[in-house]
Structures are given as C-alpha cells and as structure tokens.
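The values are calculated or read from the model by the stated rules, or taken from the named source; none is laboratory data. Note that the coordinates shown come from a computational prediction; the quantities given were computed from them, not determined experimentally. Glycine gets a Cβ as well: all are built from the backbone with ideal geometry, and neighbour counts include every protein chain shown.
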Amino acid sequence: MSPRLTRTTSKYFSSKTNVPETNKLNKSSSLSKTVTRKATRKHINIEIEESSSVNNLEKRLDKEPPTPPTSWEEVYNAIKEYRKNIIAPVDTMGCERLADEPSDHITPQTSRFQTLVSLMLSSQTKDHVTAAAVQNLRQKLPGGLNLDSILQVDEKFLDECISKVGFHRKKATYLKQSAKKCKEEYDGDIPNTVEGLMKLPGVGPKMAYLCMQVAWKQNEGIGVDVHVHRITNRLGWCNTEQAGPEATRKVLESWLPRSLWREINPMLVGFGQTTCFPQYPKCSNCPVKKMCPSVSF
C-alpha cells in the first residue's frame with residue numbers, strides 16, 4: 001500500500017503532540033577503533049569500542065547509566081504524531097499482524113506459532129514478501145499453517161512455499177528444526193521466554209523480544225532491527241552504529257521508559273520505510289529535521 005496523507009488509527013499511535021522536524025546518515029569517523037560521543041545536545045555521554053561485547057556494555061551501563069538525550073521526548077512524540085498520518089508497510093503487513101487470531105478453529109498455540117514463523121521469515125525480507133510467504137504457507141500446507149503441518153511436509157516443499165523470502169533454504173531448515181524442538185520440548189507450543197526462543201534455530205534477539213511482545217503479550221525488551229538501529233543512531237540517542245543492534249537495545253533500554261519498548265519498533269520501522277531511508281533520507285519532509293544532528297538537505 002502506498003503511503004498517503006490521511007488520518008489513520010493504529011494500536012501503536014494514539015496520543016497527540018505538537019510537530020517539530022529530521023535526518024541523514026552520519027558519515028563521521030566510523031573507521032576509528034573507538035567511537036566517542038560527548039554529552040552535547042542530544043548525544044548520550046557514552047563511549048563504545050567496536051570490539052566491546054554486549055556483556056561488557058551492560059556492565060558499563062549498570063555502573064554509569066547514560067543521561068537520556070536532551071529533548072528526546074519532543075523528538076519521539078513528533079515522530080509518533082507524524083506516523084499517525086503515514087501508512088507504512090509495517091502497519092498493514094508487519095509480523096505482528098500476520099498470525100491468525102485465536103478462534104474456534106485456531107488455537108492460541110497455533111496463533112503463537114504463526115507469529116514465530118512470520119518473524120523467522122521476516123529477516124532480511126521486505127514486509128510484503130513475508131506476508132505473501134505466510135499466506136502461501138496457509139494455503140499450501142496440509143491443514144494450514146501450524147506446527148504439525150510444518151513437521152509433515154518435507155523440507156524441499158517447505159522451501160518452495162517460502163522461496164521469495166531472503167535465505168529461504170536456510171529458513172526452511174530452521175522452520176523444520178524449530179517445529180521439531182517445539183513439539184518435543186514445549187508440548188507443541190513455542191518457548192515463553194527470550195532465552196528459550198533464542199535457542200530455536202534461526203531466532204535472534206530482535207525476533208525473540210518481538211515474539212514475546214506479540215505472541216505472549218510480555219514486554220521483555222526492545223526489538224531492534226536495522227531501522228531502529230539506524231534511526232536511533234542518526235538521532236544521537238545511541239552511539240552504537242559500529243557495535244551493532246544488541247548494543248543499541250542495551251543503550252535504549254537503559255533510559256527509554258519501559259512503557260515505550262513495544263511501540264518504538266513499529267513506529268521507527270515505519271518511519272524508516274517511508275522517510276528515514278538508509279540512503280537519501282527525506283530530510284526535507286522530516287518532522288524533526290530541526291532537532292536531528294544528522295540532518296542533510
């Protein structure tokens with residue numbers, strides 16, 4: 001669906017704020033071994049080495065929690081208000097929307113498994129491609145998209161059903177292995193902890209946290225994908241571009257109110273899909289351009 005400037009209602013974006021303006025890829029010294037940001041304007045006073053592990057970062061954050069970026073709430077609310085008027089692919093085809101709701105024909109276990117499958121297929125794949133693959137599984141698997149159907153079909157057939165998604169061969173293998181593990185170790189359900197989910201083949205931190213939020217309705221952490229990682233670094237909320245998404249998650253969770261941990265992902269994903277592109281972001285149209293340290297016209 002093409003973005004259009006009409007008022008929409010979304011379960012993620014309901015509050016109203018005034019609208020200020022953002023963006024451009026920060027091309028500063030990314031090759032240096034140590035990346036440092038001083039506590040100026042919206043920048044967090046934290047230093048992260050490229051080689052630092054997430055565990056080391058977590059210890060450092062526990063000892064010296066970073067100061068929340070200046071005016072972060074104003075920036076956050078401006079993007080949130082802007083997103084209420086912009087329909088992005090994530091709003092209609094995001095992974096949290098692809099599972100069937102529990103009903104007389106769909107058990108809660110099947111609904112949760114479908115969410116897990118959708119997330120596993122979504123890695124390095126556009127939302128509309130993931131949505132089409134999920135629908136293909138619904139139509140072609142015996143009995144529809146559920147754990148037992150995944151186990152019944154051979155891997156080659158499963159691969160053919162999801163052939164449009166990125167790394168489909170590996171994902172077909174992961175789906176078979178994960179379904180087997182869920183059947184044998186979780187009585188046909190999916191794991192109900194981040195740790196358990198991450199033990200499934202092909203499931204990383206982003207998928208695990210989003211799955212907990214959507215499938216289990218538990219807010220255990222922020223799902224940081226490429227959009228959230230890129231945009232929060234551009235805004236100066238993190239200095240973790242070289243350290244990776246897990247470092248971004250740790251920094252964000254150290255100061256962002258827990259009540260926002262779920263909505264920040266679809267909000268920034270949609271913002272990245274429609275405005276704050278990896279290349280040539282639409283800074284002139286951005287609602288926070290006057291406050292973004294990476295803005296370019």
Practice item. Answer yes or no: is there a residue in the range 270-282 that is within 19 Å of Pro65 (Cα to Cα), among the hydrophobic types (A, V, I, L, M, F, W, C) and surrounded by fewer than 18 Cβ atoms within 10 Å (Cβ to Cβ). Key: no
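From the list Leu158, Leu197, exactly one residue is within 20 Å of the chain's Cα centre (by Cα), in a helix (DSSP H, G or I) and farther than 30 Å from Thr70 by Cα. Which is it? Full working, then the answer.
Details: Leu158 fails: within 20 Å of the chain's Cα centre (by Cα).
One residue alone meets the criteria, Leu197.
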Review point. Only one residue in Ser259, Ser294 is touching a Lys or Arg at 6+ places or on another chain (Cβ under 7 Å) and among the hydroxyl-bearing types (Ser, Thr, Tyr). Which one?
Key: Ser294
Exercise for review: Of all residues in the range 273-288, count the ones that are touching a Phe, Trp or Tyr at 6+ places or on another chain (Cβ under 8 Å) and in a helix (DSSP H, G or I).
Suggested key: 2
Exercise for review: Return yes when Phe157 is over 26 Å from Thr274 (Cα atoms), surrounded by fewer than 19 Cβ atoms within 10 Å (Cβ to Cβ) and in the same structural domain as Gly202 (by TED's automatic domain parsing) and no when it is not.
Suggested key: yes
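Restrict the check to the range 121-128 and report whether at least one residue is crowded, with 16+ Cβ neighbours inside 10 Å and farther than 22 Å from Asp91 by Cβ. Before you say what the answer is, go through the steps one by one.
Filtering the range 121-128 down to residues crowded, with 16+ Cβ neighbours inside 10 Å leaves 121-123, 125, 127.
From the residues that got through so far, the ones that are farther than 22 Å from Asp91 by Cβ too are none.
Checked the range 121-128: no residue is crowded, with 16+ Cβ neighbours inside 10 Å and farther than 22 Å from Asp91 by Cβ.
To keep it simple, each residue is scored yes or no on (1) in a loop (DSSP other than H, G, I, E, B); (2) touching a strand residue (DSSP E or B) at 6+ places or on another chain (Cβ under 7 Å); (3) over 13 Å from Ala215 (Cβ atoms).
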position: Ile79; (1), (2), (3): no, no, yes
position: Ser111; (1), (2), (3): no, no, no
position: Gln124; (1), (2), (3): yes, no, yes
position: Gly144; (1), (2), (3): yes, no, yes
Revision key, fill the gap. In the range 217-228, residues that are in a loop (DSSP other than H, G, I, E, B) and in contact with a helix residue (DSSP H, G or I) (Cβ under 7 Å, 6 or more places away or on another chain) total 8
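How many residues, within the range 229-249, are of a type in the set (D, E, K, R), at pLDDT below 95 and buried (at least 21 other Cβ atoms within 10 Å of the Cβ)? Lay out the reasoning, then the answer.
The initial filter retains those residues of the range 229-249 that are of a type in the set (D, E, K, R), namely 230, 234, 241, 246, 249.
Okay, now just the ones that are also at pLDDT below 95, so 241.
Of the ones still in play, those that are also buried (at least 21 other Cβ atoms within 10 Å of the Cβ) are none.
Qualifying residue count, the range 229-249: 0.
The rows are residues; the columns are (1) among the aromatic types (Phe, Trp, Tyr); (2) part of a helix (DSSP H, G or I); (3) within 16 Å of the chain's Cα centre (by Cα).
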| site | (1), (2), (3) |
| --- | --- |
| Arg230 | no, yes, yes |
| Asn239 | no, no, no |
| Glu246 | no, yes, yes |
| Leu252 | no, yes, yes |
| Met267 | no, yes, yes |
| Phe271 | yes, yes, yes |
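For every residue, the table says whether it meets (1) assigned to a helix (DSSP H, G or I); (2) without any contact (Cβ under 8 Å) to a residue 12 or more places away in the chain; (3) surrounded by fewer than 15 Cβ atoms within 10 Å (Cβ to Cβ); (4) aromatic (Phe, Trp, Tyr).
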site	(1), (2), (3), (4)
Thr67	no, no, yes, no
Glu73	yes, yes, yes, no
Val90	yes, no, no, no
Ser118	yes, no, no, no
Check your understanding: Given the conditions (1) in a loop (DSSP other than H, G, I, E, B); (2) surrounded by fewer than 24 Cβ atoms within 10 Å (Cβ to Cβ); (3) polar (S, T, N, Q), and given that Gln213 satisfies all but one, which numbered condition is not satisfied?
Key -> (1)
Exercise for review: Go through the range 157-192 and give me each residue that's out of contact with any Leu (no Cβ under 9 Å at 6 or more places or on another chain), under 24 Å from Lys217 (Cβ atoms) and in contact (Cβ under 8 Å) with a residue 12 or more places away in the chain.
Suggested key: Asn192
Point to revise | Flag for Asp148 being under 25 Å from Asn192 (Cβ atoms) and either among the β-branched types (Val, Ile, Thr) or surrounded by fewer than 17 Cβ atoms within 10 Å (Cβ to Cβ) (or both) | key: yes
